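Q: Take this structure first; my questions come after.
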Amino acid sequence: MRGFIKKVLKMLNLSGREWIILLLALLLASSIWLIHKLSLEYNVYLSVDVVAESNIEGRAKTSSSGAEVMAKCRTTGWRILYAYMTRNNSVRVKFPSAMMHHDGEDRFYVASDRLHEYVEDIFGSNVSVDYFVADKVYFKFQEEVYKKVPVRPVSSLSFDTQYVPTTPLQVIPDSVTVYGDEMHLEALEYVTTATIKHASVTEDLNGMISLTPIKGMRFSVDEVHYKMDVVRYVEIECENVPVEVINTPPGKQYVADPLYVDVTLECEFPLKANPKKGLYLVADYDEYRQSISGNVIVKPSALPFGTINHEISPVFVKVREDNR
C-alpha cells in the first residue's frame, strides 16, 4: 500500500505550492459536501430532557426533575447535529396550570397530544413532529406553603380639565398566590403594584404593571392588568329646580322651603339627552319627622342618563305644612 502511494505521488510530481492548492481544494469539496448533507431533511428520533415550569397552586414553580420527551421528527442535519451536541442539556418549558393533570402525590402529567403546541420550545426551530413516543409526560412538583392575598394598586394619576374617572382603578387578577416562609406569610395581608403613573389623562387607562417584589417570597404572577374608565364631562346649570315632599301622611299637604333650588350637573360629553328635562328633587317627610332642626337633605328623584356627579344649592330645605 505504501509503495502504491509513493508511485502515485511520484506520478503527480507536485510542487509544495501545488500540494497546498490540492489540499485546499479537497477541503473545500469536503466542506461543500458536508454542508449539502447537513442541509437535507431526515426522519429521526429526537430525545430531549424537559424541565417544566407552571403556576400550580400550592406547588413549586419548577419541576424537581426533568422528563425525557422523545418523538419521531423530520428536520435538517444541522438540527440533528445540534441535538447530539446538546444531548446532556435540559430545556425549560412553561406550561399553563390547566394543562397539568394531577396523578397523585407530587406527580403531574401533560398529554402528548398537547405537546405539539410546544415543539419549537422543546426541539428548537425547523423541526416537525410526526408523533410523540409516550402518551403522557410526567413531572414532579413539590408542595410549598402558600397564601392567597389581595392586590392593592398604587397610583399617581392626574386628569386633564373636564376629564374624570367613572370607575375605580381596577387590577386583574385582584388577588395572587404568594409562596414563602410560613411565619412571614401569616403576617402578609396584601401585595402592592409598582406605582401606576399617568398625567393629564384624557382617555381610558389600560396597561400592565409589575407587582412590588418581597424578599424571600414568590408570586403566582409577576404583573397584573390595570384599567380605569375615563370620560369628558360638561357642567349643566339648572336653576329653580322644584322640590317635592314625599311620604306625607294621608290628607296632609307639606311643602319645601324654599320651593326651588339650583342644581349643577356634571354630564358625560357628548350629551345623550337634555338633562334638564323632567328634573326635580325630593325631600322625605320621614326624615323631617326624625330631624331635630327640621332640616331635610334634598335629593334628585332620578339622575339624568350620563350624569357623573351633581351639586345642589342649598342642600338643606325645611318642610312645613301647607295650610292653603
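Q: So which residues in segment 248-267 are open to solvent by 90 Å² or more (accessible area, probe 1.4 Å) and on the phi > 0 side of the Ramachandran plot?
A: none
So that you can scan it fast, the table gives a plain yes or no per residue for (1) part of a loop (DSSP other than H, G, I, E, B); (2) closer than 25 Å to LYS147 by Cα; (3) touching a strand residue (DSSP E or B) at 6+ places or on another chain (Cβ under 8 Å):
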| residue | (1), (2), (3) |
| --- | --- |
| ASP49 | no, no, yes |
| MET70 | no, no, yes |
| GLU105 | yes, yes, no |
| GLU117 | no, no, no |
| GLU120 | no, no, yes |
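Q: Confirm whether GLY66 is touching a Ser or Thr at 6+ places or on another chain (Cβ under 8 Å) and small (Gly, Ala, Ser).
A: Numbers: touching a Ser or Thr at 6+ places or on another chain (Cβ under 8 Å): yes; small (Gly, Ala, Ser): yes.
Spelling it out, GLY66 is indeed touching a Ser or Thr at 6+ places or on another chain (Cβ under 8 Å) and small (Gly, Ala, Ser).
Q: Now for a separate question. Scan segment 80-103 for residues that are touching a strand residue (DSSP E or B) at 6+ places or on another chain (Cβ under 6 Å) and basic (Lys, Arg) and report the count.
A: Result for segment 80-103: 2.
Q: Pick from segment 57-76 the residues that are among the hydroxyl-bearing types (Ser, Thr, Tyr) and over 15 Å from VAL91 (Cβ atoms): which of them is most open to solvent (accessible area, probe 1.4 Å)?
A: Ranking the qualifying residues of segment 57-76, first place goes to SER64.
Q: Among what's in segment 183-238 and is touching a residue at least 40 places away in the same chain (Cβ under 8 Å) and either aromatic (Phe, Trp, Tyr) or assigned to a helix (DSSP H, G or I) (or both), pick the residue that is nearest to TYR280 (Cα to Cα).
A: Once the filter is applied, the top-ranked residue is TYR233.
Q: Now for a separate question. Can you run down the residue pairs with Cβ atoms below 8 Å, 6 or more apart or on separate chains, where the first is in segment 131-159 and touching a residue at least 60 places away in the same chain (Cβ under 8 Å) and closer than 30 Å to MET70 by Cβ and the partner is in a loop (DSSP other than H, G, I, E, B) and open to solvent by 50 Å² or more (accessible area, probe 1.4 Å)?
A: Between residues of segment 131-159 that are touching a residue at least 60 places away in the same chain (Cβ under 8 Å) and closer than 30 Å to MET70 by Cβ and residues that are in a loop (DSSP other than H, G, I, E, B) and open to solvent by 50 Å² or more (accessible area, probe 1.4 Å), the close pairs are TYR138/ASP103; PHE139/SER65; LYS140/SER64; LYS140/SER65; PHE141/SER64; GLN142/SER64.
Q: For LEU279, only one of the following conditions fails: (1) at pLDDT below 90; (2) open to solvent by less than 80 Å² (accessible area, probe 1.4 Å); (3) assigned to a loop (DSSP other than H, G, I, E, B). What is its number?
A: With respect to (1) at pLDDT below 90; (2) open to solvent by less than 80 Å² (accessible area, probe 1.4 Å); (3) assigned to a loop (DSSP other than H, G, I, E, B), LEU279 is out only on (1).
The values are calculated or read from the model by the stated rules, or taken from the named source; none is laboratory data. None of the values given here were measured: they were computed from a predicted structure. Glycine gets a Cβ as well: all are built from the backbone with ideal geometry, and neighbour counts include every protein chain shown. Accessible surface is based on the protein model in full, side chains and every heavy atom, while ligands, DNA and RNA are left aside. Shrake-Rupley method; radii C 1.70, N 1.55, O 1.52, S 1.80 Å.
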